[in-house]
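These notes concern the structure reproduced below.
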Amino acid sequence: MTLWDGRFDAAMADSLWRLSESYPFDHVLYHYDIVGSRAHVRGLVMAGLLSDAEAEQLLGALDVVASEFDRGVFIRGSGDEDIHMAIERRVTELTPEVGAKLHTARSRNDQVATTMRLYVRDTLVDLARRVLALAETLVEVGEQDPERYLPGYTHLQRAQPVLLAHHLTAHAWALTRDIDRLLESRRRLNVSPLGAGALAGTSLGIDPGTTAALMGFDRAFANSMDAVSDRDFVAEALFDIALLGVHLSRMGEELVLWTTAEFGFASLGDAFTTGSSMLPQKKNSDVAELARAKAGRFIGNLTSLLVVLKGLPLSYNRDLQEDKEPLLDSVRNVVLVLDALRGAYRSVTFHDRVARIAAADPYLAAIDIAERLVESGVPFRRAHDMVGGAVGESVRSGRPFPEVIAEIPELCAFGDAFDAGATLRSRRSRGASGPVAWPTQAETWHRVAADLRRRLGELDHDRLASSES
Ligand code: ARG
């Protein structure tokens, strides 16, 4: 028995039921569907379609349903195809007369779009908050010892010594862009589709602007067909997560490398590593590997939705129901990665000695010697060529680079460049990796982080307001 039985002679085939039901995955959206229904009830009162007393009964029944879900005692009815029908069915059971009025001037098409926007709106803020926590952890770990350094790489070949704080903060900057993207997506999606009906609006006198305001949306839709068919906001959320996931995967790969015996720059705490069922000595960085791997799923989920949307005719099509599993899956998994990775970074021990030895590789001083030559008036191309010649000589002869440099009259004065600490100190340009430039970057970082925290704090408030409406 479904809510639309009026028109049909035969019950739905089992196979169709199993194909089309979305309750198994959309019941988690119950809170947002109820927020939408509360606003809808108030809108119906203002439109003169419900009396105050009827609204009281409906709101009371919605509270009961919310509490049943909260306590995990809600029982799905056999005809509850999705969360929307489950809630309406239960409200109607609780208040049969007025329950039958709940769906006035509403379709599941504008209802599901509303529920999804409310859910995504909260979720983006929640994700942004977790991303900020991870970014702050990265910077904090770096700041534990701002003098600490290691080799920096390009092409995964040793390039120049860099500060660990600078290196970890590079990831944090990428995360700030993710946060900004999440908040921008939130801003764009904050338009209410409620009142669009099935696709064309309604002859009943509701005001979408009123319900939009009740739910904390910036405004209501301008076009009812667009309102019920638009899933751009889901695609954007999936993209935001996919790109965030790409950043997390790069961090994961780096932790995998750093914790190998070959690099040996860091170890993860025991609580963040796993053993082997066969090899007793193994300590594996699974947390970093999974952070690396999950990006595949995030990209897949984004791709899957884009393919669903591609070529869909206006307006609502049942295809749109396929937006939920990819989104819920990405959200669930990115939260797992964010939280575990944050713990993993907190647990890291850096092996200073190993990193310093690697950073003391004399070839890493080549650019510093060339820059000293530039300071003494030699054009850079010539300086590059002279130092490159010395590198070649050292490589060919197998003699240590500092020894070769010491024998070249124009270069022998620059032997102090082989002190990685000194070369780091000599890098003063804006945003450079070195203890002289670092405080400026740190200050900028903390200002940006504080600003993001403030923006997130303001949204926190919205969230409470919207869930109480
Ligand atoms: N479960 C559906 C979805 O996720 C709700 C909307 C159903 N609308 C309809 N006309 N069948 O999209």
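The values are calculated or read from the model by the stated rules, or taken from the named source; none is laboratory data. Quick caveat, the model's predicted, so the values are computed rather than measured. Positions of Cβ are generated from backbone atoms using ideal geometry, with glycine treated the same way; all protein chains shown enter the neighbour counts.
If only residues of the range 134-147 that are touching a residue at least 60 places away in the same chain (Cβ under 8 Å) and assigned to a helix (DSSP H, G or I) are counted, the one that is surrounded by the most Cβ atoms within 10 Å (Cβ to Cβ) is Ala135. Scanning the range 59-116 for residues that are in contact with a helix residue (DSSP H, G or I) (Cβ under 6 Å, 6 or more places away or on another chain) and among the acidic types (Asp, Glu) gives Asp80, Asp82, Asp110.
Can you find a residue that is of a type in the set (Gly, Ala, Ser) and crowded, with 19+ Cβ neighbours inside 10 Å anywhere in the range 154-166? Scanning the range 154-166 turns up at least one residue that is of a type in the set (Gly, Ala, Ser) and crowded, with 19+ Cβ neighbours inside 10 Å.
Within the range 246-280, the set of residues being out of contact with any Lys or Arg (no Cβ under 8 Å at 6 or more places or on another chain), at pLDDT 95 or above, of a type in the set (A, V, I, L, M, F, W, C) and in a helix (DSSP H, G or I) comprises Val246, Met251, Leu255, Leu257, Trp258. Of the residues making up the range 88-118, those that are more than 28 Å from Glu236 (Cα to Cα), assigned to a helix (DSSP H, G or I) and within 16 Å of the ligand (Cβ to nearest atom) are Glu88, Arg89. Could you please let me know if Leu150 is in contact (Cβ under 8 Å) with a residue 40 or more places away in the chain and surrounded by 24 or more Cβ atoms within 10 Å (Cβ to Cβ)? Criteria met by Leu150. Looking at the range 43-63 only, could you name the residues that are surrounded by 14 or more Cβ atoms within 10 Å (Cβ to Cβ) and part of a loop (DSSP other than H, G, I, E, B)? Selection gives Ala47, Leu49, Leu50. Cβ-Cβ contacts under 6 Å between residues 6 or more apart (or on different chains), taken from a first residue in the range 368-397 that is over 20 Å from Ala422 (Cβ atoms) to a second residue that is surrounded by 19 or more Cβ atoms within 10 Å (Cβ to Cβ), are listed as His384/Ala370; Glu393/Val404; Ser394/Phe401; Ser394/Val404.
The set of residues from the range 1-39 being within 16 Å of the ligand (Cβ to nearest atom) and at pLDDT below 90 comprises Thr2, Leu3, Trp4, Asp5, Gly6, Arg7, Phe8. Looking at the range 264-284, which of its residues are in contact (Cβ under 8 Å) with a residue 24 or more places away in the chain and closer than 25 Å to Arg158 by Cα? Answer for the range 264-284, where residues must be in contact (Cβ under 8 Å) with a residue 24 or more places away in the chain and closer than 25 Å to Arg158 by Cα: Gly264, Phe265, Ala266, Ser267, Leu268. Thr423 meets the stated requirement of being away from the ligand (no atom under 16 Å from the Cβ), under 30 Å from Glu140 (Cα atoms) and buried (at least 19 other Cβ atoms within 10 Å of the Cβ). Taken together, Gly142, Gly77 contain a single residue that is within 16 Å of the ligand (Cβ to nearest atom) and modelled with pLDDT of 95 or more, which is Gly77. Criterion first (buried (at least 17 other Cβ atoms within 10 Å of the Cβ) and either outside any loop (DSSP other than H, G, I, E, B) or among the basic types (Lys, Arg) (or both)) does Thr202 satisfy it? Judged against the criteria, Thr202 is not a match. Hey, any hits in the range 304-319 for a residue that's more than 16 Å from the ligand (Cβ to nearest atom) and of a type in the set (Asp, Glu)? No: zero hits. Residues that are charged (D, E, K, R) and under 18 Å from His84 (Cβ atoms) within the range 1-41 comprise Asp5, Glu21, Asp26, Asp33, Arg38, listed in sequence order. Here Val41 clears all of (1) within 18 Å of Asp110 (Cα to Cα); (2) without any contact (Cβ under 8 Å) to a residue 12 or more places away in the chain except the condition numbered (2).
Among the residues of the range 281-338, write down those that are hydrophobic (A, V, I, L, M, F, W, C), more than 19 Å from Glu236 (Cα to Cα) and either at pLDDT below 95 or part of a loop (DSSP other than H, G, I, E, B) (or both). Leu314, the sole residue that qualifies.
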